[in-house]
Every structure is written in structure tokens, then in C-alpha cells.
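Chemist: My questions will all concern the structure given below.
The values are calculated or read from the model by the stated rules, or taken from the named source; none is laboratory data. On a predicted model such as this, the values are computed, not experimentally measured, just so you know. Counting neighbours? That spans all protein chains shown, and the Cβs are built from the backbone with ideal geometry, glycine included.
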Amino acid sequence: MSVTELRNDIHKLDTGYGLMSLTWRAEPIPQSQAFEAMHRAVELARERGHKAFFNVGEFYGPDFVNLIFVRDFFAKYPDLRKHVVISCKGGMEVSTLTPNGSHDAVIKSVKNSVSAIGGYIDIFEVARLDTSLCAKGEVYPYESFEALAEMISEGVIGGISLSEVTEDQIRAIYKDWGKFLTCVELEVSLFSTDIFHNGIAKTCAELGLTVICYSPLGRGLLTGQLKSNADIPEGDFRKALKRFSDESLKKNLDLVRFLQEEIVGKRSKDSSITLPQLALGWIKHWNYVPEYKGAKFIPIPSGSSISKVNENFDEKKTQLTDKEFKAINDFLATFHTVGDRYEFN
């Protein structure tokens, strides 16, 4: 499949599927349960006339378990592979979760991922740019993308995504490797709105790049299920983040209360919406803002059960009115999230 075809397939999406939470936890979700959810995500995409989008990672759990889930899923449902775009993160030292973007390390990461998943990967991305490789004046490691381009030319992968990049990095990489770029993956949620203030969203719109929005439910904060740090399972990395400490939650949950009371609670019964659907709808509503016309914002929630996938992928429900969108953004203008995305206590 060409890069152009990949871009077109992605652009047709409204919602993608993030598989990290299926395996990056103390105990992975049982395969039987995970497969039901994965199957439903593909089924819903096909019903809407486009492909599904699976976002996976080489390091989302020990021993390539995330990729093995996908391998085993397609072994069970081989006819579904052609209906799914797989985007895989790698380029990290798995044992330390630190970037390793050297040419040989990226080649190894790609080949390890392809081996674990059992075949071709549509899109590959280095999860974090290894800026230690940059010469003076460079903003990104050229050799990382040289390696990915080689993998494309050999037919091992189809295209490149960017991950956790700055405006300057997007522009520099696009200049050198734009013909291979399919999308940009960034954390976007009501608790992580940076891209709309730091020039990244405008840059993606200018360059015509789709934005894959990971952790769109604020790592669980926007589900309404987390009330205190005790609600987070032992072994979950969120437990040590400042954003999820009991003291921080006292302030951060002000946003959740506002959404519940002023948006969810004021909907009529025939237009009811859940907190997760609202959070996803807020991201999608940016697609109607003229300033960002050249981009497309696609949230990739997880969903470890059929019911959660049905909720997150209900495209009719995950919509906001212009009035609701404005009210939320007016609130966000005076709201400050306590705790950065990866700030530990």
C-alpha cells in the first residue's frame, strides 16, 4: 500500500483504537476478552465503510505481548487483516524505556516488531526522538528516519508516523521525509490541550497532517471512574504521577465536575451523552474549527470490552454542539491542570 493510500485510509477515520491498555498493566486483559473488543472495533469500522486503526507498541508490556495479541488475533481472524491499519511504536530500549534512535537500533526495532506481530506493519514510529544523536543545530536524529525509509523501500513497513514531537521537529522532518509521513501522534485530551497553544496543531493543519490523539480520556480521568488515588490499581504507573495524587485530584476533578454538571447533566434524555463520549466529541469538534482545516484530529481510545468499544465508537453520541464546545473552552481558559503529563511525585 502506498503512503498516499495510507493517508487516505487514516483520514476517513473518526475514531481509532488504542491497544496499549490491553497489555501494559499488572495483568494483561485475557485474550478472549481482548479479541472480542478488537473484533468489535473492526466490525464498527467496516460498517462505516473504512478501515479500523490499531495503535500498538513494541514495549507495551513484557516480551512483545502487545504485538503477540495482535498476531494471535489475526491468526484467529485472518480475513480481517486487510481491514486494519496497524501503527506501531518502537525505537526504544525496552528494558529502560529510553529512546534509541541509532540507525541499527531502529532497524532492529522494526524487524523485532514485524517478527512479533507476524508480518507487515503499515506505519511505524519511533516513540521518542533520540536527540542525543543530533549534531549541533539539528532538531531531530536524521539516521532514525534514514533507517525507517530503508524499511519502507524494502517493503517491511508502509509509512512513518511522528510521535511526541515539537513544531520545529515536525517542520524539519517534513522537509526531509514528507513523502513518507502519514500522521503525527500526540497526547490530546481536555487535560492535555498543549497542541492548540504551542503551534503544533496549526503546523499540522498547514502541512495537511492527521493528528492521532492518544490518551483522549485523560488516562482515565475523563471516564468519571477515578475519584482518588486509591482507585488506581497497584502497579499502574499513574499511581506515582503528580496529576493523580489525592491533593492534585481535588483540583483536577473540578473539570470533570464541570463537564458532568454543565454538559452531560443538561442534555435531554434523547440526546444523552457519557463523560467519555463528551471527551472524544471535544477532540473531534476541532475538525470543524476553520483554523485547523488542513488537519484532522482522530482520538484513539482504548476499550477492553465490547461495551466500552460500543460507547467510545458511537459516532452519533460523540458529538458536541458549537455552544457546548465554546462553554468547555471558556472553562478551560481559566482551568489549570495540576501535574504535567509525566511529572512524578
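Chemist: Pairs, please: C-beta under 7 Å, at least 6 apart or cross-chain, first residue closer than 14 Å to residue 45 by Cβ and in segment 74-94, second in a loop (DSSP other than H, G, I, E, B)?
Modeler: From residues that are closer than 14 Å to residue 45 by Cβ, the pairs are 83/51; 84/51; 85/51.
Chemist: Now for a separate question. Of all the residues that make up segment 81-104, how many are surrounded by 21 or more Cβ atoms within 10 Å (Cβ to Cβ) and either of a type outside the set (D, E, K, R) or over 17 Å from residue 6 (Cα atoms) (or both)?
Modeler: The initial filter retains those residues of segment 81-104 that are surrounded by 21 or more Cβ atoms within 10 Å (Cβ to Cβ), namely 84-92, 99-101.
This time we only want the ones that are either of a type outside the set (D, E, K, R) or over 17 Å from residue 6 (Cα atoms) (or both), so: 84-88, 90-92, 99-101.
Number satisfying all stated conditions: 11.
Chemist: All but one of (1) free of Cβ contacts under 8 Å to residues at least 40 places away in the same chain; (2) of a type outside the set (Val, Ile, Thr); (3) touching an Asp or Glu at 6+ places or on another chain (Cβ under 9 Å) hold for residue 27, so report the exception by its number.
Modeler: Answer for residue 27: the failing condition is (3).
Chemist: If we keep just the residues of segment 123-136 that are charged (D, E, K, R) and either closer than 16 Å to residue 170 by Cβ or modelled with pLDDT of 95 or more (or both), which is surrounded by the fewest Cβ atoms within 10 Å (Cβ to Cβ)?
Modeler: So in segment 123-136, the residues charged (D, E, K, R) come out as 125, 128, 130, 136.
Filter once more, keeping what is either closer than 16 Å to residue 170 by Cβ or modelled with pLDDT of 95 or more (or both): 125, 128, 130.
Numbers: 125: 28, 128: 17, 130: 21.
This residue is 128.
Chemist: Going by what's in this entry, would residue 157 be described as at pLDDT 95 or above and farther than 23 Å from residue 109 by Cβ?
Modeler: For residue 157, the condition - at pLDDT 95 or above and farther than 23 Å from residue 109 by Cβ - is not met.
Chemist: Listed residues 77, 140, 120; which is within 22 Å of residue 168 (Cβ to Cβ) and either of a type outside the set (D, E, K, R) or surrounded by fewer than 21 Cβ atoms within 10 Å (Cβ to Cβ) (or both)? Please lay out each step first, then the result.
Modeler: Numbers: 77 fails: within 22 Å of residue 168 (Cβ to Cβ); 120 fails: within 22 Å of residue 168 (Cβ to Cβ).
Of the residues listed, the single one that is within 22 Å of residue 168 (Cβ to Cβ) and either of a type outside the set (D, E, K, R) or surrounded by fewer than 21 Cβ atoms within 10 Å (Cβ to Cβ) (or both) is 140.
Chemist: Listed residues 324, 291; which is part of a helix (DSSP H, G or I) and surrounded by fewer than 14 Cβ atoms within 10 Å (Cβ to Cβ)?
Modeler: 291
Chemist: Sticking with this one: Please pick out the residue among 248, 228 that is in contact (Cβ under 8 Å) with a residue 40 or more places away in the chain and more than 21 Å from the chain's Cα centre (by Cα).
Modeler: Values: 228 fails: in contact (Cβ under 8 Å) with a residue 40 or more places away in the chain.
When all the criteria are applied, what remains is 248.
Chemist: Against the definition (in contact with a Gly (Cβ under 7 Å, 6 or more places away or on another chain) and at pLDDT 95 or above), how does residue 139 come out, yes or no? Give the steps one after another, and end with the answer.
Modeler: Values: in contact with a Gly (Cβ under 7 Å, 6 or more places away or on another chain): no; at pLDDT 95 or above: yes.
Here the answer is no, as residue 139 does not meet what is asked.
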